[in-house]
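Here's the structure, in structure tokens; my notes come after.
No lab work stands behind these numbers, since they all come straight from the coordinates. As the structure is a prediction and not an experimental result, all values here were calculated from the model. Neighbour counts are summed over all protein chains in view; Cβ atoms, including those assigned to glycine, are modelled from backbone coordinates with ideal geometry.
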Amino acid sequence: MAINRVTLLGNVGGDPKVYTFENGGKTVSLSLATSTPEYKRKDGTTVPERTEWHNVALFNSLADVAEKFVHKGDKLYIEGELRYRSYEDETKIKRYVTEIYASRMELLTPKPKTAAPPPPQPTAAPKGVINRTQPAAPQQTDQWNGTVPPNKEEDDLPF
């Protein structure tokens, strides 16, 4: 048995790069930063915070979600597998890349709160017209008032 599994929780380093193919397939590539916090060793030496940058590749439906909703600075949870590849650059030098091929992604940055429109201001009634207001609708509460709703039959439970 072998396991190739990566779990990351970090912040997106830049807006995702979207690649669309002729066959309709889509890939999104993004960088994700994870950090190890600063700590002190037993001898009193302080080890500074260390940030690691990870290349993440998302495909198909995950790529669609990332394209629409992921932005620089967003916090993401990523699960996937580690992949290595190589290529030759334009100067014929062989380059190596380590990537996480994501199989699961969760957006952890809260949605921005939209400002609610201001309530309508009452307008003054023209001269000679009475301005009548509707009575306020009773507000529904989630508290139980101790009564059983109508048409509620008894349970068949033995206790």
Legend entry - Added length on full extension, which subtracts the Cα-Cα distance from 0.36 nm per residue, Asn4 to Glu22: 3.4 nm
Legend entry - Count, lysine Cα pairs under 14 Å in region 1-99, 8 or more residues apart or across chains: 4
Inset, instruction - Report the calculated FRET efficiency for Lys92 and Phe69 (r = Cβ-Cβ distance, R0 = 35 Å), to the nearest 0.05. - result: 0.35
